[in-house]
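Written below as structure tokens is the structure these notes are about.
Bear in mind that the values in this text are calculations on the coordinates, not laboratory data. What you see is a predicted model, and the numbers here were worked out from it, not measured in a lab. Backbone-built Cβ (ideal geometry, glycine too); neighbour counts: all protein chains shown.
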Amino acid sequence: MTNATAKHPQKTIILAEPRGFCAGVDRAVRIVEEALRKFGAPVYVRHEIVHNKHVVNRLAAMGAVFVEELVDIPDGKPVVFSAHGVAKSVVAEAKRRGMVSVDATCPLVTKVHVEANRHHKQGAHILLIGHAGHPEVEGTMGQVEDGGITLIETAQDAMTVTPPESDHLAYATQTTLSVDDTEDMISILKRRFPQINGPRGEDICYATTNRQQAVKDIAPMADLLLVIGAENSSNSKRLVEVGKIAGVRDAMLIAGAEAIDWSYISQAERIGITAGASAPEELVEDVIAAIAERYDITVKRHVTATETIAFNLPPILRH
């Protein structure tokens, strides 16, 4: 796409593909929409369904009510659990209160839960690589009894952790981490604890891996990388970090077009753009349109992978 007349300085936009919504986020959003159709408003959602205010606000306008805990929901009302997953105690409390619960946990997060339960039942202590306070980490740690999981946040943690017993260990990871940082931490754990067991397959999800690889590919071509996503989105923040490590001069996280820092745009000839897994494509389009209002732009797509994965809705919502 190139403007017909050159009245403004030229900018080249390098658009990373894949970017934006992953299959798990798409499924979670559809679950809230279908729950509203089936049960009528209001449908309560525990925590943000995904980490993006644009998505949350649109669903709220349709009748979704976002709450922090089940105590904020009247008895018997439908509740949707967010894509990040929840602890077993939350599921049990919803059942005790007679709530119709709809689980929007990403199937790839559920896979981590299943692995954690398997290791725990086999008597292993679990080392979980992730970020403290993140809903996904809280949900995974809530799959086993207190003390059954130790959180590893950094390579330093991996080098110094002293689990209750070191002969029977397993590790798991949050699905939205930096691929490279996580590999480093796993290597440290394997060196310290040679008998440690890992997941049957990679815990970091395909979408996180693909989006990080796309950023690695475009970073050397760009002067500036814009990552569209929320400040509380783990996978979006990792994209900024990956871009900086991969060599882009400047990289920043923006919520949308309204957050563009034009001083950085003015200094960049080649602007890389991507979006975190919970950012809708319309936000990308808005950012490109905002730049096109000020500059003559050429948009180049850079495709590193094609994603075809789709997840089914839970049985309770299938027609």
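Before moving on, here are some points about what is shown:
- Our helix-only sum for the chain, with -39,500 (n - 2.57) per DSSP H run of n ≥ 4 divided by its residues, gives a mean residue ellipticity at 222 nm of -11500 deg cm²/dmol.
- For region 167-309, the orientation-averaged shadow of the C-alpha convex hull comes to 9.8 nm² (one quarter of the hull surface).
- Within straight-line cross-link reach of residue 190, aspartates and glutamates at Cα separation under 14 Å, skipping those fewer than 8 residues along the same chain: 157, 167
- Convex hull per residue volume in Å³, alpha carbons only, for region 127-195: 82 Å³
- Förster radius 35 Å - calculated FRET efficiency between residue 200 and residue 303 (Cβ-Cβ, nearest 0.05): 0.75
- Shape index of region 24-103: Rg/Rh, with Rg the Cα radius of gyration and Rh the Kirkwood radius from the inverse mean 1/r over Cα pairs, equals 0.92.
- Between region 241-319 and region 167-199, the Cα center-to-center distance that results, in Å: 30 Å
- Calculated diffusion of the chain, Stokes-Einstein form, Kirkwood radius summed over Cα pairs, 20 °C and 1.002 mPa s, µm²/s: 103 µm²/s
- Taking only the Cα atoms of region 38-192, the radius of gyration and Dmax are 17.4, 54 Å.
- Excluding same-chain neighbours fewer than eight residues apart, the lysines reachable from residue 244 by a Cα-Cα span under 18 Å are 216.
- Peptides 89-102, 9-22 ranked from most to least packed by the mean count of surrounding Cβ atoms within 10 Å: 9-22, 89-102.
- Our summary of shape: the Cα atoms of region 223-290 have principal axis extents of 28, 28, 15 Å, ordered from largest down, in whole angstrom.
- The listed peptides 60-70, 224-234, 175-185, ordered by packing as a protection proxy, come out as 224-234, 175-185, 60-70 (highest mean of other Cβ atoms within 10 Å first).
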